[in-house]
Ligand SMILES: [Zn+2]
């Protein structure tokens, strides 16, 4: 596996090597101002393909991205997503997995929540219909979970990394820093990681011998790269995916909602749950530099499209 070119975290746009800079005149990042603000703008902006990004103008691989709804928070406190904003406002929020497909290649990003019963007991109220159960959702998308070979876990919170037992052939990519943080969480993170709670064991233990620990930004497959985005958790990784309409970023809980992208006036809004708010803001800089489109982790709007890039 080849290390990707972006230095691990705490980089500013000017630190980035030319290969991933997208701030040149006419680029998406520039067109969007400080950061792509409203949803409408995100959806209508055309990605500008920087030839450097894809190696001399040749697109190595083109992927499609299918969001899979693997459960829902029917009434979630919005300020848990939008730091110090929207207190008391309740929203419906999906729990998403992402199916990346290119030719015969299939990669899954995140594997959903614990059972609604367990989630309701230990965490927040969730719902999961029969067709949202991961096995059913994958079969409905034409994928046999038993034959999946590669799963990327963006981080190890309970609503992103359950159900690993349904993937007997898969490797699970996780960041070293995330694993460290999950094994020895700060007190506020014990419940999200389900570590140190009598009666609970972290979900990933069932596949411990198939965890593949990576460090920093890593090429996972041609056209698919991880992007370290600490802040929500110490080792959260996004997934950059080359598509026919630019580089899409599965941002996971670094960007729970489109609202987190903020406006030109507000700047980006960190997730309400975080271990390092300054790191969250630095991660927004990394996203801005690397991605043409951002896909948030708990955003109902995402499900308005069954596949990304959005078909015209
Ligand atoms: Zn999380």
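The values are calculated or read from the model by the stated rules, or taken from the named source; none is laboratory data. The structure displayed is predicted, hence computed values, not measured ones. Cβ sites come from the backbone with ideal geometry, for glycine too, and all protein chains shown count toward neighbours.
Structural remarks
- Members of the stretch 62-98 that are surrounded by fewer than 18 Cβ atoms within 10 Å (Cβ to Cβ) and under 18 Å from residue 129 (Cα atoms): 74, 75, 92
- Screening residue 196 against (1) part of a loop (DSSP other than H, G, I, E, B); (2) more than 16 Å from the ligand (Cβ to nearest atom); (3) modelled with pLDDT of 95 or more leaves a single unmet condition, (3).
- So residue 243, is it over 16 Å from residue 175 (Cβ atoms) and modelled with pLDDT under 95: no
- Taken over the stretch 251-295, the residue count meeting the criterion of being closer than 20 Å to residue 78 by Cα and not in a helix (DSSP H, G or I) is 22.
- Taken over the stretch 109-119, residues that are assigned to a helix (DSSP H, G or I) and touching a strand residue (DSSP E or B) at 6+ places or on another chain (Cβ under 9 Å) amount to 2.
- When 171, 210, 225 are checked against the criterion of being surrounded by 17 or more Cβ atoms within 10 Å (Cβ to Cβ) and in contact with a strand residue (DSSP E or B) (Cβ under 8 Å, 6 or more places away or on another chain), a single residue qualifies: 225.
- Pair list, Cβ under 8 Å, 6 or more apart: the stretch 186-201 residue without any contact (Cβ under 8 Å) to a residue 12 or more places away in the chain and under 19 Å from residue 115 (Cβ atoms), other residue in a loop (DSSP other than H, G, I, E, B) and within 16 Å of the ligand (Cβ to nearest atom): 201/194
- Residues considered: 252, 306. Of these, the only one that is surrounded by fewer than 17 Cβ atoms within 10 Å (Cβ to Cβ) and within 17 Å of residue 65 (Cβ to Cβ) is 306.
- Contacts under 9 angstrom Cβ, first residue in the stretch 152-178 being at positive phi, partner assigned to a loop (DSSP other than H, G, I, E, B) and within 16 Å of the ligand (Cβ to nearest atom), 6 or more apart: 163/111; 163/112; 163/113; 163/114
- When residues of the stretch 129-142 are limited to those that are more than 20 Å from the chain's Cα centre (by Cα) and outside any helix (DSSP H, G or I), the one surrounded by the fewest Cβ atoms within 10 Å (Cβ to Cβ): 142
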